[in-house]
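Engineer: Dumping the structure here so I can ask a few things about it.
The values are calculated or read from the model by the stated rules, or taken from the named source; none is laboratory data. Please read these numbers as outputs of a predicted model, since none were measured by experiment. With ideal geometry, Cβ positions are generated from the backbone for all residues, glycine too; neighbour counts draw on all protein chains shown. Please note that ligands, DNA and RNA were not included when accessible areas were found on the heavy atoms of the full protein model with its side chains. Shrake-Rupley method; radii C 1.70, N 1.55, O 1.52, S 1.80 Å.
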Amino acid sequence: IERLGLKRERVIAAEYAGELAFERGDLFKAKSHFSDAYHHGRLLAPNSGLVSQAARRLAEADLALDRIDDAGKYGHIALEVAQQLGEKAEVAQARKVIAQVFAVRGSFPDSLEYARQAVDLFREVGDPYDLGRGLLALGDVQLKAESVEGEKVRAAFDEAGRIFRKLHLDYWVALAEFRAGVFACQNGDLARGFRKLSRSEKTFQSIGDSVQVRAV
């Protein structure tokens, strides 16, 4: 890419490098790559999908780093550009991260609204992986909001688990079961809760994720 001077591909490569760093837990490296993608994307095409995607990923990195104000800023930039472009998948992704920002701030009515809108759009777009992750985010927000609609929290986690099971994504199945298990235990359904926590623990052990094993 550098040898051929391909500007658009440089932005895309930076986004992918950032995603890889983010999944590995190297948040500062991820933020650096996403910042590079965002700033070069703005120079190249300020109202393009390059900018909406880079801004959304930058928001996710800032959220993970507890830079809540920055996360909110980039989340709204991503949402605005994606809406202008009519990119429903990116609109949903942006709404999901904004929902998480509102949840951290304790603004649960706004958080729930954005999370529900994100899930509705993920259903419309039809990408099961993104829908599953959107459902996990919705369940988390409902849990933090201490929603009285317990069945909806349980349904969100259970549907996410079924989706990930169909996709054969063991890590995400285990994560959905972990969240569902915590929720069940918090609501007095200890038999269901410990059953799900036990299954999630075994999966995390089998894939060598010691951080999640400790969490369980």
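Engineer: How high is the relative contact order of the stretch 1-113, given as a whole-number percent (alpha carbon pairs under 8 Å, six or more residues apart)? Please list the in-between numbers first.
Structural biologist: Values: 151 pairs, mean separation 20.5, N = 113.
Contact order relative to length: 18 percent.
Engineer: Mind checking the stretch 117-216 for GluC sites (Glu not before Pro) that DSSP puts in a loop (not H, G, I, E or B) and that have at most 10 other Cβ atoms within 10 Å?
Structural biologist: Glu146
Engineer: Let me ask something else about it. Which value, in debye to the nearest 20, describes the size of the charge dipole of the stretch 127-216 about its Cα centre when Lys and Arg Cβ atoms bear +1, Asp and Glu Cβ atoms bear -1, and nothing else is charged?
Structural biologist: The calculation lands at about 260 debye.
Engineer: Take the Cα atoms of the stretch 89-209, build their convex hull, and give its volume per residue in Å³.
Structural biologist: Details: hull volume 11.7 nm³, N = 121.
Dividing the Cα hull volume of the stretch 89-209 by its residues yields 97 Å³.
Engineer: Would you mind giving the average projected area, over all directions, of the Cα convex hull of the stretch 8-119 in nm² with one decimal?
Structural biologist: 6.2 nm²
Engineer: Between helix 27-44 and the chain, what is the angle of the helix's C-alpha long axis to the longest principal axis, kept within 0 to 90° and rounded to the nearest 10?
Structural biologist: That works out to roughly 40 degrees.
Engineer: Then there is this: Calculate how steeply helix 108-125 sits against the longest principal axis of the alpha-carbon atoms of the chain, using the helix alpha-carbon long axis, and give the answer as 0 to 90 degrees to the nearest 10.
Structural biologist: The answer is roughly 80 degrees.
Engineer: Okay, moving on. Each residue of the stretch 171-176 in order: what ³J(HN,Hα) in whole Hz does its phi give by Karplus 6.51 cos²θ - 1.76 cosθ + 1.60, θ = phi - 60°, with x for Gly and Pro?
Structural biologist: Residue by residue, the stretch 171-176 yields 4, 6, 4, 5, 5, 5 Hz.
Engineer: Right, something else. If you fit an axis through the alpha-carbon atoms of helix 49-64 and take the longest principal axis of the Cα set of the chain, what angle between them do you get, 0 to 90°, nearest 10?
Structural biologist: 50 degrees
Engineer: Then there is this: Putting +1 on Lys and Arg Cβ atoms and -1 on Asp and Glu Cβ atoms, find which of Val11, Ser198, Ala145 reaches farthest to the positive end of the dipole of the chain.
Structural biologist: Of the options given, the answer is Ser198.
Engineer: Give me a comma-separated list of calculated 3J(HN,Hα) values for the stretch 86-98, in order, Karplus coefficients 6.51, -1.76, 1.60 applied at θ = phi - 60°, integers in Hz, x for any Gly or Pro.
Structural biologist: Each residue of the stretch 86-98 in turn: x, 8, 4, 4, 6, 4, 5, 4, 5, 5, 5, 5, 5 Hz.
Engineer: Which of the peptides 135-143, 208-216, 16-24 is most tightly packed, and how do the rest follow, judged by the mean count of other Cβ atoms within 10 Å per residue? Walk me through the numbers before you get to the answer.
Structural biologist: Details: 135-143: 24.1, 208-216: 13.1, 16-24: 15.6.
Ranking the peptides 135-143, 208-216, 16-24 by packing returns 135-143, 16-24, 208-216.
Engineer: Starting from the exponent 0.38 and prefactor 2.2 Å, build the expected Rg for the chain from its residue count and divide its actual Cα Rg by it.
Structural biologist: Output field value: 1.06.
Engineer: Skipping prolines and chain starts, which residues have an amide H placed within reach, meaning under 5 Å, of the one on Leu167, given they are 5 or more residues away or on another chain?
Structural biologist: none
Engineer: Over the chain, what is the mean sequence separation of C-alpha contacts under 8 Å (at least six apart), divided by residue count, expressed as relative contact order in percent?
Structural biologist: 10 percent.
Engineer: In square nanometres and to one decimal, what's the mean projected area of the convex hull around the Cα atoms of the stretch 31-93?
Structural biologist: Averaged projected area of the stretch 31-93's Cα convex hull equals 3.6 nm².
Engineer: Give, as a single signed number, the net charge of other residues whose beta carbon lies under 14 Å from the beta carbon of Pro46, with Lys and Arg counted +1 and Asp and Glu -1.
Structural biologist: Result for the local shell: +2.
Engineer: Over the chain, average the accessible area per residue using a 1.4 Å probe and give it in Å², no decimals.
Structural biologist: So the chain comes to 52 Å² accessible per residue, rounded to a whole number.
Engineer: Once the dipole of the chain is set up with Lys and Arg at +1 and Asp and Glu at -1 on Cβ about the Cα centre, which of Ala115, Leu65, Gly25 lies farthest towards its positive end?
Structural biologist: Of the options given, the answer is Gly25.
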